[in-house]
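Note sheet for the following structure.
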Amino acid sequence: MARCSVCGAPAAAYIRYQRRYLCRDHYLGFVEEKVRRAMEKYRMVGKGYRVLVALSGGKDSAALLGALASLREKLGYEIVAIHIDLGIYEYSVRSREAAERLAEKLGVPLIVVPLKEVLGATIPELAKLSGRPPCSVCGMVKRYVTNAAAVELEADALALGHNADDLAVYNLKSFLNQDLEAISKLGPKTESVPGVAVGRIRPLYTVYEKESFLYAYLKGLPFVHEDCPFVENQQMERQLKEVVNRLEEERPGTKVQLVTKLALRIRDYPRPRGEIRRCKACGLIASGDLCALDRLTLRIFGEPRGPRIREWIGERARELGLIPRRAAPAPAS
Ligand code: SF4
Ligand code: ZN
């Protein structure tokens, strides 16, 4: 039987690119140390920060919340979680249950945003009404709601569960489309724009997808094991994932090298052009008079619904005693 290379206990994992076995506890510590190092190296958080964690109910966001909860005392930040019930049939029912159980297990306050109730339509309904693919509408809605919640909660950072595999694939896809502005947003963190947008951080930046799964599994964190039914539509991502996996198989460490090299050059990529504006309806970040969500909801419902989302989240946050916020953060060091 393989033994942990640190303590000699039965091994639970093999780290191929380091050629060593680890037991459960040392494996959990290994992943948490990776997350801690990435957060320190890329100055993702500072003492007293409020970090809003986007929880989808899947393995990556479970691993993200698990690792952030384990490190919160050491690094001195506070965490709050948000889950959006997208209304994607049974998948959303199970994702919401998993997110609720996870937040409870880790003692993290959770805001659940039921899209049907708050926005007036689910993702499949919005896709039908707008004539856009579900993933395109869903991506926009998730970006809007998480940012709106982060602004309402006066969060200092919004944490996303993107792992090294995801980022390698997004990077290659954007490169193939020559969408260099999209690559400029794939670094370990983006900056906040006061009052309109909260900066995003990716604490799992150097964590592989398999590592994130095994971490969530060995730590006993609740998560959904199935994919969203619309993931089938993302054909290009699936093909690029196979390519990246083959490269990793032949050259262990490839994915992490790709994302860490990207982090070094991220400032060389062109940023989206045009001035940053404030949406005339909801007051959040926009590229024109209205933000993308308010443009879409104005077109399909005859009214912009961003203000209603902000108000709903604000009320929920007040009920949970999360706002007004008391402590001010120290800068990331
Ligand atoms: Fe949304 Fe598409 Fe992801 Fe499903 S697969 S959660 S529709 S982005
Ligand atoms: Zn708006």
(request) Just name one of S92, A292, L172: the one whose Cα is farthest towards the positive end of the charge dipole of the chain (beta-carbon charges, Lys/Arg +1, Asp/Glu -1). (result) L172
(request) Enter the angle in degrees (range 0 to 90, nearest 10) between the Cα long axis of helix 24-41 and the first principal axis of the Cα atoms of the chain, meaning the one along which they spread out most. (result) 50
(request) Compute the Kirkwood hydrodynamic radius of segment 102-164, taking the inverse of the mean of 1/r over all pairs of distinct Cα atoms, and give it in Å to one decimal. (result) 13.5
(request) Per DSSP H run of at least 4 residues, take -39500 (n - 2.57); add these up for the chain, divide by its residues and hand me the 222 nm value, nearest 500 deg cm²/dmol. (result) -15500 deg cm²/dmol
(message) Going by amide H atoms built from the backbone, whose H comes under 5 Å of the H on L290, apart from near neighbours?
(response) K280
(message) If amide hydrogens are placed 1.01 Å from N in the peptide plane, which non-local residues have theirs closer than 5 Å to the one on D85?
(response) V113, L115
(request) Could you state the angle between the C-alpha long axis of helix 306-319 and the longest principal axis of the C-alpha atoms of the chain, as a value from 0 to 90 degrees rounded to the nearest 10? (result) 60
(request) Would you mind working out the magnitude of the charge dipole of the chain relative to its Cα centre, with +1 at each Lys and Arg C-beta and -1 at each Asp and Glu C-beta, to the nearest 20 Debye? (result) 840
(message) Tell me the per residue accessible area of the chain using a 1.4 Å probe; a whole number in Å² is fine.
(response) 49
(message) Leaving out ligands, DNA and RNA, and with a 1.4 Å probe, what % of the accessible surface on the chain is carbon or sulfur?
(response) 51
(request) Relative to the longest principal axis of the C-alpha atoms of the chain, give the angle of the C-alpha long axis of helix 209-218, reported between 0 and 90° and rounded to the nearest 10°. (result) 80
(request) Specify whether the C-alpha gyration tensor of segment 35-189 places it in the rounded, prolate or oblate class, a ≥ b ≥ c being the square roots of the eigenvalues: rounded for a/c under 1.5, otherwise prolate if a/b is larger than b/c and oblate if not. (result) oblate
(message) Calculate the FRET efficiency for N177 and E125 from the Cβ-Cβ distance with a Förster distance of 25 Å, rounded to the nearest 0.05.
(response) 0.30
(message) Under 10 Å, Cα contacts only: if you run a Gaussian network model on the chain, which one of L204, L322, L55 comes out with the highest mean-square fluctuation?
(response) L322
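The values are calculated or read from the model by the stated rules, or taken from the named source; none is laboratory data. All figures in this text were calculated on a predicted structure; none of them were measured in a lab. When we count neighbours, we look across all protein chains shown, and the Cβ atoms used for this are built from the backbone with ideal geometry, even at glycine. Note: accessible area is taken over every heavy atom of the protein model, side chains too, but ligands, DNA and RNA are not part of it. Shrake-Rupley method; radii C 1.70, N 1.55, O 1.52, S 1.80 Å.
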